[in-house]
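The values are calculated or read from the model by the stated rules, or taken from the named source; none is laboratory data. The structure displayed is predicted, hence computed values, not measured ones. Reconstructed Cβ throughout: ideal geometry from the backbone, glycine too, with neighbour counts over all protein chains shown. Just so you know, the surface numbers come from the protein's heavy atoms only, side chains and all, with ligands and any DNA or RNA stripped out. Shrake-Rupley method; radii C 1.70, N 1.55, O 1.52, S 1.80 Å.
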Amino acid sequence: MPDLAQEKKDYIPLREYADKNDTYIGTCVPVWKINVDNDNESRSSLIAKEYNMVVCENEMKFDAVEPNQGSFSFNDGDRLVNFANRHNMRVRGHTLAWHSQVPTWLTSDGTKNTNNFSRKQLLDILHNHIKNVVTHWKGKVAEWDVANEVLSDNQQTIYSNPNGYDLRPSVWATGIGEDFLDSAFVWAHKYDPDA
């Protein structure tokens with residue numbers, strides 16, 4: 001039977017256990033809410049103490065990084081990357097292709113091709129986005145969520161085809177087709193093969 005009173009007195013940071021086991025334990029960090037520029041801020045110091053990996057909450061998502069077509073803003077993501085570097089932490093990039101948090105210049109709701117981009121134009125947009133984002137953080141981001149939540153929550157195809165699946169509606173799936181996934185992974189690897 002574990003001694004719960006003794007466990008409450010375990011002040012060893014989670015990070016220390018992760019490091020001893022050659023693994024990572026991380027947390028999502030909203031830099032709009034937590035001042036990662038100030039290592040003395042209580043939440044920043046707690047994150048640095050307890051975790052050896054961080055991921056941005058929203059700061060690396062498409063709408064935050066490319067709010068206007070071809071115009072990139074890396075500042076908030078850079079802030080977390082700099083914080084991680086100061087504290088010898090791993091960074092996970094989140095996310096390159098997703099149905100949500102996509103800028104309105106690309107789609108009105110994340111799912112429809114409301115601006116009538118051609119398939120080639122959408123591939124070019126996704127390619128340019130991945131190239132710029134991954135290249136910017138090359139060598140600083142250890143791993144990427146290349147494509148996020150691409151399968152539909154409602155999987156009907158599996159009832160008639162056990163090897164089948166249903167993609168979640170997205171501007172990528174609708175305007176390009178499922179091969180956007182192959183392209184996204186190829187491009188992410190091309191621009192940072194070590195991630």
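Below are the figures for this structure:
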read-out	value
Residue within the range 84-103 that is in contact with a Cys (Cβ under 7 Å, 6 or more places away or on another chain), under 30 Å from V150 (Cα atoms), modelled with pLDDT of 95 or more and β-branched (V, I, T) present	no
Checklist (1) within 18 Å of F72 (Cβ to Cβ); (2) open to solvent by 50 Å² or more (accessible area, probe 1.4 Å); (3) among the hydrophobic types (A, V, I, L, M, F, W, C) applied to V186, failing item	(1)
Yes/no for W187 being touching a His at 6+ places or on another chain (Cβ under 7 Å), assigned to a helix (DSSP H, G or I), under 29 Å from G26 (Cβ atoms) and in contact (Cβ under 8 Å) with a residue 24 or more places away in the chain	yes
Residue match in the range 16-30 (condition: under 25 Å from V146 (Cα atoms), touching a strand residue (DSSP E or B) at 6+ places or on another chain (Cβ under 9 Å) and of a type in the set (D, E))	no
Subset of the range 124-146 (residues that are hydrophobic (A, V, I, L, M, F, W, C) and surrounded by 20 or more Cβ atoms within 10 Å (Cβ to Cβ))	I125, L126, I130, V133, V134, W137, V141, W144, V146
Selected residue (criterion: most open to solvent (accessible area, probe 1.4 Å)) from residues of the range 1-43 that are within 23 Å of L80 (Cα to Cα) and of a type in the set (A, V, I, L, M)	L14
Filter result for L46 (part of a helix (DSSP H, G or I) and open to solvent by 30 Å² or more (accessible area, probe 1.4 Å))	yes
Test: W105 is hydrophobic (A, V, I, L, M, F, W, C) and outside any strand (DSSP E or B)	yes
Checking G139 against (1) closer than 20 Å to C56 by Cβ; (2) in a loop (DSSP other than H, G, I, E, B); (3) in contact with a Phe, Trp or Tyr (Cβ under 8 Å, 6 or more places away or on another chain), the condition it does not meet	(3)
Filter result (open to solvent by less than 50 Å² (accessible area, probe 1.4 Å) and hydroxyl-bearing (S, T, Y)) within the range 72-117	T95, S100, T107, T111
Answer from E149, E178, E143 - the residue that is on the phi > 0 side of the Ramachandran plot and either modelled with pLDDT under 95 or not basic (K, R) (or both)	E149
Pick from the range 147-172, criterion part of a helix (DSSP H, G or I) and free of Cβ contacts under 8 Å to residues at least 24 places away in the same chain, ranking: surrounded by the fewest Cβ atoms within 10 Å (Cβ to Cβ)	Y159
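Matching residues to (1) part of a strand (DSSP E or B); (2) free of Cβ contacts under 8 Å to residues at least 40 places away in the same chain:
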{"residue": "A18", "(1), (2)": "no, yes"}
{"residue": "V36", "(1), (2)": "no, no"}
{"residue": "S73", "(1), (2)": "no, yes"}
{"residue": "V91", "(1), (2)": "yes, no"}
